[in-house]
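Notes follow once the structure below has been shown.
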Amino acid sequence: MKQRVSALLREKFGREVVLEKPKDRAFGHFATPIAFSLAKELRKSPMVIAQDLASSFNESEIFSSVESVKGYLNFRLSEEFLSEYGDWALQNQSEFGKQEKKDKILLEFVSANPTGPLHIGHARGAVYGDTLYRLAKHLGYDITAEYYVNDAGNQIDLLGLSIALYGRENILKESVEYPESYYRGEYLEALANGAVEKFGKEILSDESRYKELALWAKDGVMEIVVDSLRELNIHFDTFVNESSLYSDWDRVMGKMGDGIYKKDDKVWIASEAKGDDNDRVVVREDGRPTYLAGDIVYHNQKFERGYDHYINIWGADHHGYIPRVNAAVEYLGYDSNKLETLLSQMVSLLKNGEPYKMSKRAGNVILMSDIVEEIGSDALRFIFASKKSDTALEFDLAEFKKQDSSNPIFYIQYAHARIQTILSKSNFSKEDINATSLKGLGENGDSLLFDALLLPEIIEDAFSSRQVQKLPDYLKALASALHKFYYDCRIIGTDDEAKLLKLLLVVALSLKTGLSLLGIEARDRMVKEED
RNA sequence: GCGUUCGUAGCUCAGCUGGAUAGAGCACUGGUUUGCGGUACCAGAGGUCACAGGUUCGACUCCUGUCGGGCGCACCA
């Protein structure tokens, strides 16, 4: 819609015209402050210019009126335009809001270490990434969701040690002491038992086999991780194991040329020259690669696979890491502008108003799967998708748990369910409804129709700005408009019943499409809660 | 200290590339159709947009500085 309007205005004025949404619908559907910017060059007051411009629009198919108010130019879309678009949307439901973007995008997110189940802090990045993924798919991008599995390095050794120690304590009944850095948690029980079953009890006491133990256990942990993601309707297309990349190390180092040098028996990357604070060690004296080394080979591999654009979603605690990876990408001979790293801010927990620190040692980690079980995937996804991903988010655990009807997701679900109920109460068939015209809905009806038809712009905007919270915001507003309309206007039994039902079908389409992009299924009925 | 990010209603957060009277949910107060699910709707109250300058016809939005919070500042991942 907006594209049509702005294309028309561009043609008329011979320049790009800023289009905005008026604060108040009484001003029209779209507005532009163009008269203000023209005021200087034309040496006339904005009011006069706006007047002249407004009167230059006489008859138009798209607009029913163009008015000037206090220097603004306000456009009102015509009934014909809105009703035609509404008809089109209902006839092409699966195409509604879709586009034909062609770019190939690689989206990497979550990528939590395979050393334990996901906790609540991981959920935010997971929801953010998956929502972007769904939006991109809808817009036609060829996008791949990828999980980078850090199955090399100290943390994997630590996983092996942790399982062995757990087994020695609980299976071999030895008395042991847990060093602070070791992993703790219920999941170790199944892994330790599984290990004994597969390798025999000896492995628990055989230090030389801990590596073997860890590599086996990592797959088990990944299963837990993938399961908990599936509960949130999140799916990955590809998994890349860090351990599989190092065989390529010599070739990749060769590609970096001057970007890599040796000093003090270590290998360094000259990242300072590319905007980092310091040069960084890539290979230690003893030959073990650092974490950065893995990311260098990984990003090289990403670029060699050939995408138009790369998106990484990292926790905000990794933000200092961005210049290093960008430096590496440039030394590898690729355009670092194609690599976009988005940060998902920390989620800090409060319990009864007091900061609540999760710690693996204390064993008080809040698992993502527990929260999903408690409040449901829909509610959790909605909460995280509603917040701008780059602001730190705080919530009270108690508050979080009691999110029931106060959670806006139920408000939106109810709007959708309400429409289904009305439809089922009506005697009109789908055919009758589709055969009627969306014209003559009246002012409130046209306004609701316009709101519902706004979805495609929201999708486009939410994805291109990477601000997924725009979609939940829109759905809340649309649900609110629907509830208000329902309250103000009787539908069943009126002369306009069929066309009003058709209007509701358009609203339901937008709600359903929007919710599915958030990974939430629209409900046809709400289940009443028993007190 | 350096970097980065944020500071908007009692709380949790929106506010699009600068634009019309700064918005929503929760909580609070008061109302609602002899009608489709009241899990709704309406109204009220609640703000010096952290502070101070600057740019502009116009600043919550851009720039500079100050104060305050988060996160980084590893040869850990």
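Just the residues that are open to solvent by 40 Å² or more (accessible area, probe 1.4 Å), outside any loop (DSSP other than H, G, I, E, B) and among the small types (Gly, Ala, Ser), please, taken from the range A:243-279.
If the condition is that a residue be open to solvent by 40 Å² or more (accessible area, probe 1.4 Å), outside any loop (DSSP other than H, G, I, E, B) and among the small types (Gly, Ala, Ser), then A:Ser243, A:Ser244, A:Ser247, A:Gly254, A:Gly257, A:Ala273 are the ones that fit.
Go through the range A:323-340 and count every residue that is touching a Lys or Arg at 6+ places or on another chain (Cβ under 9 Å) and without any contact (Cβ under 8 Å) to a residue 12 or more places away in the chain.
Counting residues in the range A:323-340 that are touching a Lys or Arg at 6+ places or on another chain (Cβ under 9 Å) and without any contact (Cβ under 8 Å) to a residue 12 or more places away in the chain gives 1.
I need the full set of residues from the range A:188-239 which are small (Gly, Ala, Ser) and either touching a residue at least 60 places away in the same chain (Cβ under 8 Å) or not assigned by TED's automatic domain parsing to the domain that holds A:Tyr178 (or both), in order please.
The answer is A:Ser228, and nothing else.
Among the listed residues A:Asp495, A:Asp473, identify the single one that is open to solvent by 50 Å² or more (accessible area, probe 1.4 Å) and more than 11 Å from RNA strand B (Cβ to nearest atom).
Residue meeting the stated conditions: A:Asp495.
Out of A:Ala293, A:Ala316, A:Ala270, A:Ala327, I need the residue that is in contact with a Gly (Cβ under 6 Å, 6 or more places away or on another chain) and of a type in the set (Gly, Ala, Ser). Which one?
A:Ala270
With the condition kept exactly as written, say whether any residue in the range A:52-65 is hydrophobic (A, V, I, L, M, F, W, C), closer than 28 Å to A:Gly97 by Cβ, without any contact (Cβ under 8 Å) to a residue 24 or more places away in the chain and open to solvent by less than 20 Å² (accessible area, probe 1.4 Å).
yes
Tally up the residues in the range A:331-345 that are among the polar types (S, T, N, Q) and either out of contact with any strand residue (DSSP E or B) (no Cβ under 8 Å at 6 or more places or on another chain) or within 15 Å of A:Asp295 (Cα to Cα) (or both), please.
3
List the number of the failed condition for A:Leu73; all other conditions in (1) assigned by TED's automatic domain parsing to the domain that holds A:Ile34; (2) of a type outside the set (Ser, Thr, Tyr); (3) surrounded by fewer than 23 Cβ atoms within 10 Å (Cβ to Cβ) hold.
With respect to (1) assigned by TED's automatic domain parsing to the domain that holds A:Ile34; (2) of a type outside the set (Ser, Thr, Tyr); (3) surrounded by fewer than 23 Cβ atoms within 10 Å (Cβ to Cβ), A:Leu73 is out only on (3).
Output yes when any residue across the range A:36-46 is touching a residue at least 40 places away in the same chain (Cβ under 8 Å) and outside the structural domain of A:Gly440 (by TED's automatic domain parsing), and no when none is.
no
Name the strands (runs of 3 or more DSSP E) wholly within the range A:21-134 that hold at least 2 residues that are of a type in the set (Phe, Trp, Tyr) and within 16 Å of RNA strand B (Cβ to nearest atom)?
By residue number, A:72-77.
Within the set of pairs 6+ apart or on separate chains, which have a first residue in the range A:406-422 that is closer than 18 Å to A:Val506 by Cβ and more than 6 Å from RNA strand B (Cβ to nearest atom), a second that is assigned to a loop (DSSP other than H, G, I, E, B) and open to solvent by less than 40 Å² (accessible area, probe 1.4 Å), and C-beta atoms under 6 Å apart?
Taking only residues 6 or more apart or on different chains, the pairs are A:His416/A:Ala522.
Do you know which of the residues in the range A:3-52 that are of a type in the set (A, V, I, L, M) and over 37 Å from the mean Cα position of the chain (by Cα) is farthest from A:Arg76 (Cα to Cα)?
A:Leu42
Taking the condition modelled with pLDDT of 80 or more, outside any helix (DSSP H, G or I) and among the aliphatic types (A, V, I, L, M), does A:Ile322 pass?
Judged against the criteria, A:Ile322 is not a match.
Name the residue that is nearest to A:Asn434 (Cα to Cα), counting only residues in the range A:446-470 that are open to solvent by less than 10 Å² (accessible area, probe 1.4 Å) and away from RNA strand B (no atom under 11 Å from the Cβ).
So the residue we want is A:Leu449.
State all residues of the range A:518-531 that are more than 10 Å from RNA strand B (Cβ to nearest atom), touching a residue at least 12 places away in the same chain (Cβ under 8 Å) and open to solvent by 10 Å² or more (accessible area, probe 1.4 Å); if no residue qualifies, say none.
Result: A:Glu521, A:Ala522.
Among the residues of the range A:240-291, how many are touching a residue at least 60 places away in the same chain (Cβ under 8 Å) and closer than 16 Å to A:Val329 by Cα?
10
Please find, among A:Gly320, A:Gly294, the residue that is without any contact (Cβ under 8 Å) to a residue 60 or more places away in the chain, open to solvent by less than 50 Å² (accessible area, probe 1.4 Å), over 30 Å from A:Lys101 (Cβ atoms) and within 14 Å of RNA strand B (Cβ to nearest atom).
A:Gly320
Which of (1) part of a helix (DSSP H, G or I); (2) under 15 Å from the mean Cα position of the chain (by Cα); (3) within 12 Å of RNA strand B (Cβ to nearest atom) is the odd one out, the single condition A:Leu500 does not satisfy?
Of everything listed in (1) part of a helix (DSSP H, G or I); (2) under 15 Å from the mean Cα position of the chain (by Cα); (3) within 12 Å of RNA strand B (Cβ to nearest atom), A:Leu500 misses just condition (2).
Quick test for you: out of A:Val240, A:Val282, pick the one residue that is outside any helix (DSSP H, G or I) and surrounded by fewer than 20 Cβ atoms within 10 Å (Cβ to Cβ).
Every option except A:Val240 fails the conditions.
The values are calculated or read from the model by the stated rules, or taken from the named source; none is laboratory data. In this text the structure is predicted, and so the values were computed from the model without any measurement. FYI the Cβ positions are ideal-geometry reconstructions off the backbone, even for glycines, and counts take in every protein chain you see. Side chains included, ligands, DNA and RNA excluded: accessible areas come from the protein's heavy atoms. Shrake-Rupley method; radii C 1.70, N 1.55, O 1.52, S 1.80 Å.
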